[in-house]
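The values are calculated or read from the model by the stated rules, or taken from the named source; none is laboratory data. The shown structure was predicted, so the numbers you read here are calculated from the model rather than taken from an experiment. Cβ atoms come from the backbone with ideal geometry, glycine included; neighbour counts cover every protein chain shown. Keep in mind that these areas ignore ligands, DNA and RNA; they rest on the heavy atoms of the full protein, side chains included. Shrake-Rupley method; radii C 1.70, N 1.55, O 1.52, S 1.80 Å.
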Amino acid sequence: MARRWHFLNVLCSLILVNSVNTEGERSAWKWGCDNGKCVKSLIDAHSREPALSLEACKMFCNEYGLLWPRPTGEAQLGNFLSKINLNNIDLQIPNKGRTDSLMDEAGQRFRQIVSLSVPNGLKAKASGKALTVYLVNENPDVREFSLDMDESYTLSVSPSSADRLNATIVASTYFGLRHGLETLSQLIVYDDIRDHLLVVRDVNISDKPVYPYRGILLDTARNYITVDAIKSTIDAMAAVKLNTFHWHITDSQSFPFVSEREPRLSKLGAYTPNKVYTKEIIKEVVNYGLVRGVRVLPEFDAPAHVGEGWQDTNLTVCFKAEPWASYCVEPPCGQLNPAREELYDRLEHIYMDMADAFRPDMFHMGGDEVSERCWNSSEEIRQFMVQNRWELDKASYLKLWNYFQTKAQDRAYKAFGKRLPLVLWTSTLTDYTHVENFLNKDDYIIQVWTTGSDPQISNLLRRGYRLIMSNYDALYLDCGFGAWVGSGNNWCSPYIGWQKVYDNSPKAMAGPHSDLILGGEAALWTEQADSTTLDGRLWPRAAAMAERLWAEPSSDWHEAEHRMLNVRERLVRMGIKSESLEPEWCYQNEGYCYH
């Protein structure tokens with residue numbers, strides 16, 4: 001670290017010549033690195049001391065520069081910056097295959113992201129070195145997501161001649177290569193003193209994620225989320241190397257998923273005829289995610305959280321039952337009726353339509369907040385249980401739930417044409433004391449939504465179950481707002497700051513069984529959010545989780561704070577209406593805003 005600070009003045013003299021004010025200089029300030037912090041001082045027009053812009057200083061004033069998430073392997077950022085010409089960036093793809101179109105689109109996105117380094121209203125000078133980017137994909141025919149896909153990459157940047165730089169990214173798959181491009185874009189900064197783009201030179205990075213599953217859940221049923229807002233979310237996810245967009249697409253409040261085999265579900269269940277997601281729309285989103293290295297994972301939550309859309313099927317019970325608090329956790333109530341054999345044909349149709357639209361490598365079956373009180377309100381279900389020689393107690397309702405889940409699982413495998421990994425939320429069915437009676441650990445992944453200290457976590461891990469962490473005390477980003485039923489604050493208050501998100505370590509929660517943690521996911525339930533508030537709810541807090549899941553650092557949020565402020569600025573430049581974390585003064589005066 002000390003070596004890089006020592007050489008900071010050397011790199012300034014090499015790239016910036018001197019600090020004498022010229023007509024092209026825009027800023028009155030320069031920055032210098034002092035003990036790991038960028039310190040501001042006035043530019044002296046009569047001094048020949050080199051002047052460094054703020055972001056250029058930040059790039060060399062800590063071990064990981066402006067990279068987010070921080071690399072997990074070698075991270076040599078050299079000691080020099082070189083001017084580059086935005087109009088002379090060339091991408092070379094030596095290995096051709098099924099990912100050619102993805103590589104082309106990723107290259108276009110890279111150029112766009114680099115161009116966003118230049119603030120609105122300004123224009124970088126069309127001078128500087130040419131940059132050739134070699135994208136070496138060792139398996140150019142692999143374009144499918146999986147839980148064991150290789151997302152690793154190496155990146156090197158070095159001069160090839162007096163007027164040209166080479167950047168080489170090598171990866172086993174397109175997904176790693178795309179991550180490498182994302183990292184390279186973060187090594188390019190705008191010099192607002194002289195209106196130049198600068199790239200870090202003499203770079204060697206080796207990087208791969210700690211966890212294979214790094215996601216965001218977005219609920220589009222409580223409030224409809226526009227397709228543009230979904231795409232914007234995926235753009236921001238790609239910028240911080242998240243790889244799973246978990247689409248909670250239906251719930252008891254609405255059914256916006258257009259099932260071609262069951263069209264009345266969305267006809268009756270969508271808020272309006274245009275607030276729907278057709279197969280064509282979903283395929284567009286899925287491809288948009290693929291280009292950005294983000295799988296789109298569908299969830300069809302069942303047997304609870306159903307209602308609107310199912311009105312004329314005669315396949316639900318306790319829909320809109322009152323008082324609602326006696327039957328479910330929020331209005332409107334509604335659950336599927338497992339006793340109706342016709343139900344499973346309908347489910348298979350929905351699964352088939354999801355298979356056609358999403359082509360997923362995983363499927364989320366929900367299983368959240370099932371109420372035996374709801375089922376017990378149905379005479380038909382009580383008779384069904386008596387016929388099966390079950391009691392009308394909690395243990396027997398678990399048998400009923402398992403009856404439903406087993407039949408639904410078989411229909412899902414049939415619809416998707418393979419035994420793809422299935423995901424369920426933690427619930428009474430997944431309780432460690434009896435989960436092995438109901439769910440095969442080789443078939444099911446369990447997504448934890450209870451607190452990070454829940455004994456269920458360690459006990460499920462001891463039994464060999466793979467987990468995805470979404471503990472609400474750190475990763476429910478809808479918490480901390482006013483109540484929407486009744487008064488006061490919502491159920492999971494208080495608001496969760498980015499610091500707590502960052503420090504939420506799956507490894508610490510898992511102890512000796514961390515190899516069974518697939519990763520984590522921030523959840524945005526949208527009872528109190530929609531397309532207009534989406535960005536601020538998610539960002540930049542989801543970026544804090546992104547570094548935790550990519551790198552699982554041994555340090556806490558304090559070490560990441562300066563880079564966190566920068567990634568927020570980066571998201572804003574991309575058009576993400578990210579929440580502000582601190583006054584901009586803190587961004588420009590590192591080390592002064594502390595408690």
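Once each part is reduced to its C-alpha centroid, what is the distance from segment 35-104 to segment 225-296 in angstrom?
A separation of 35 Å, based on Cα centres.
For a Förster distance of 25 Å, can you work out the FRET efficiency between the beta-carbons of N440 and N314, rounded to the nearest 0.05?
0.20
When the chain is fully extended, how far beyond the present Cα-Cα distance does N166 get from R48, taking 0.36 nm per residue of separation?
39.4 nm
Which listed residue (N314, C374, F363) has the Cα farthest towards the positive end of the charge dipole for segment 291-380, taking +1 on Lys and Arg C-beta and -1 on Asp and Glu C-beta about the Cα centre?
The Cα lying farthest towards the positive end belongs to F363.
Can you order the peptides 91-99, 243-251 by their average number of other Cβ atoms within 10 Å per residue, highest first?
Highest to lowest by the protection proxy: 243-251, 91-99.
To the nearest 0.05, what FRET efficiency results for V485 and D556 with a Förster distance of 45 Å applied to their C-beta separation? Don't jump to the answer; show the numbers that get you there.
Working: r = 36 Å, r/R0 = 0.80.
Given R0 = 45 Å and the Cβ-Cβ separation, E is 0.80.
Please sort 350-361, 534-545 by packing, taking for each peptide the average over its residues of neighbouring beta carbons within 10 angstrom, highest first. Walk me through the numbers before you get to the answer.
Details: 350-361: 20.3, 534-545: 25.2.
Final packing ranking: 534-545, 350-361.
Quick check for me: using +1 on Lys/Arg Cβ and -1 on Asp/Glu Cβ, what's the dipole size of the chain about its Cα centre, in debye to the nearest 20?
1120
What number comes out for the charge environment of E182, summing +1 per Lys or Arg and -1 per Asp or Glu over other residues with Cβ under 12 Å away?
On the way: positive: R109, R178, K241, R292, R570; negative: E151, D207, D235.
Surrounding charge for E182 is +2.
Grab the other residues whose beta carbon is less than 14 angstrom from that of E391, score K and R as +1, D and E as -1, and report the net.
That works out to +2.
Show which aspartates and glutamates lie in cross-link reach of K399 when reach means a straight Cα distance below 15 angstrom and same-chain residues fewer than eight apart are skipped.
Straight-distance partners of K399: E372, E391, D431, E436.
Counting only other residues whose beta carbon sits under 13 Å from that of P71, what net charge do I get with K and R as +1, D and E as -1? Walk me through the numbers before you get to the answer.
Working: positive: R70, K208, K241, R563; negative: E63, E74, E151, E182, D207, E547, E552.
For residues surrounding P71, the net value is -3.
Using a ≥ b ≥ c from the Cα gyration tensor of segment 370-509 (square roots of the eigenvalues), is it rounded, prolate or oblate, where a/c under 1.5 gives rounded and otherwise the larger of a/b and b/c decides, a/b for prolate?
Cα axes put segment 370-509 in the oblate bin.
Counting only C-alpha contacts under 8 Å and six or more residues apart, can you give the relative contact order of segment 23-71 as a whole percent?
33
Please name which of S505, V157, N471 has its Cα lying farthest along the dipole of the chain towards the positive end, using unit charges on Cβ (Lys, Arg +1; Asp, Glu -1) and the Cα centre as origin.
Farthest along the dipole direction, towards plus: V157.
Using a simple charge model, +1 on the beta-carbon of Lys and Arg, -1 on the beta-carbon of Asp and Glu, nothing else, what dipole does segment 225-357 show about its Cα centre, in debye to the nearest 20?
In total the dipole reaches around 380 debye.
Is there a quick way to get the dipole size of segment 495-537? I mean about its Cα centre, with the Cβ of Lys and Arg at +1 and of Asp and Glu at -1; what is the value in debye to the nearest 20?
So the dipole magnitude of segment 495-537 works out to roughly 180 debye.
When we measure straight from the Cα of K40, which aspartates and glutamates land under 17 angstrom away, once same-chain ones fewer than 8 places off are left out?
Result set, ordered by chain and number: E25, E49, E55, D191, D192, E584, E590.
Compute the long axis of helix 279-291 from its Cα atoms, compare it with the longest principal axis of the Cα atoms of the chain, and write down the angle in degrees, 0 to 90, nearest 10.
40
Nearest 5 is fine: what % of DSSP beta bridges in the chain come out antiparallel, could you say?
Approximately 40 percent, going by the DSSP bridge assignments.
How far apart, in nanometres, would the label points at S127 and N274 be if each is projected 7 angstrom from Cα along the Cα-to-Cβ direction?
In this crude label model, S127 to N274 measures out at 5.1 nm.
Quote the relative contact order of the chain in percent (integer), defining contacts as alpha-carbon pairs under 8 Å separated by 6+ residues.
Details: 1231 pairs, mean separation 76.4, N = 595.
It comes to 13 percent, rounded to a whole number.
Which whole-number percentage describes the relative contact order of segment 491-595, with Cα contacts under 8 Å and a sequence gap of 6 or more?
30
Express as a percent, rounded to the nearest 5, the fraction of DSSP beta bridges in segment 31-174 (both residues included) that run antiparallel.
Around 50 percent of the beta bridges assigned by DSSP in segment 31-174 are antiparallel ones.
For the pair D104/L116, report the inter-label distance in nm, with labels modelled 7 Å from Cα in the Cβ direction.
Placing both labels 7 Å beyond Cα along the Cβ direction yields 2.3 nm.
Give the residue from L122, Y64, L265 lying farthest towards the positive end of the charge dipole for the chain; charges sit on Cβ (+1 for Lys and Arg, -1 for Asp and Glu) and the dipole is referred to the Cα centre.
Farthest towards the positive end: L122.
With a ≥ b ≥ c the root eigenvalues of the C-alpha gyration tensor of segment 440-571, is it rounded (a/c under 1.5), prolate (a/b larger than b/c) or oblate? Could you put the intermediate results ahead of the total?
Values: a/c = 2.05, a/b = 1.26, b/c = 1.63.
Judged from the Cα gyration tensor, segment 440-571 comes out oblate (a/c at least 1.5, b/c at or above a/b).
When the chain is fully extended, how far beyond the present Cα-Cα distance does C586 get from E391, taking 0.36 nm per residue of separation?
So the extension gain works out to 63.9 nm.
Can you give me the convex hull volume of the Cα atoms of segment 346-405, divided per residue and expressed in Å³?
104
Keeping all protein chains in place, calculate the accessible area per residue for the chain (probe 1.4 angstrom), answer in Å². The partial results should precede the final answer.
Values: 23260 Å² over 595 residues.
Ligands and nucleic acids excluded, the figure is 39 Å² per residue.
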